[in-house]
Amino acid sequence: MSEQPVPANVQATAQHVAQIVEAAERAADDMRAVAEERARDRIAEAERAAMLRVQAADDEAEEVRSEARLEAERMRQEAAEQAQLERGRAQDRARELLAEARLVAGDVLRDGETLSGHLRELSDSLRVNAERLLRDVRDAHQELTARLDRFDLDGASGGHPRTRSPRSTADDSAFEVPQFRPPRR
């Protein structure tokens, strides 16, 4: 078979279709290029937004750290002031207790000195009383001896001194001298 000639309008239509396809391909390429450009722009914008968010988060974190440091410093300062105040109170209380202890020690010393003085006075009084008692006993002894000697002069004992038996009569006990013995140590 032989080839038949292509009518001119078919050729024109084919050319027209070829131009349309070519125009469509160019439009598609342009649209793809525009879409890729928009996608790149959006990706870049998203990256910038992400970087801004990261920077904002970093800034906020730094601000929080700074506030935390300031708060920690304020709390440390308050604690130091409170410790200083408590230390001062403790020192004041220690001084008060020391002064009070010194007063008590002084009172104890005065009481001891007073007691010692009283004991000295008691000792002196006992010594004086012991001397009086001894003097009284000697005086009583001399008087009794003198009475006995008078009776003896009458010759009742035959010229020999009378010896007295210890605790021979009830009247004798009125003149007995108690024996003082020092305490054993």
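Any read-out appearing in this document is the output of simple, stated calculations on the displayed coordinates, not a laboratory observation. All figures in this text were calculated on a predicted structure; none of them were measured in a lab. Positions of Cβ are generated from backbone atoms using ideal geometry, with glycine treated the same way; all protein chains shown enter the neighbour counts.
The table below lists the values:
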quantity	calculated
Residue satisfying condition, being under 49 Å from the mean Cα position of the chain (by Cα), of a type outside the set (V, I, T) and part of a helix (DSSP H, G or I), within set R135, R147, R93	R93
Filter pass, A101 being over 35 Å from the mean Cα position of the chain (by Cα), surrounded by 10 or more Cβ atoms within 10 Å (Cβ to Cβ) and without any contact (Cβ under 8 Å) to a residue 12 or more places away in the chain	no
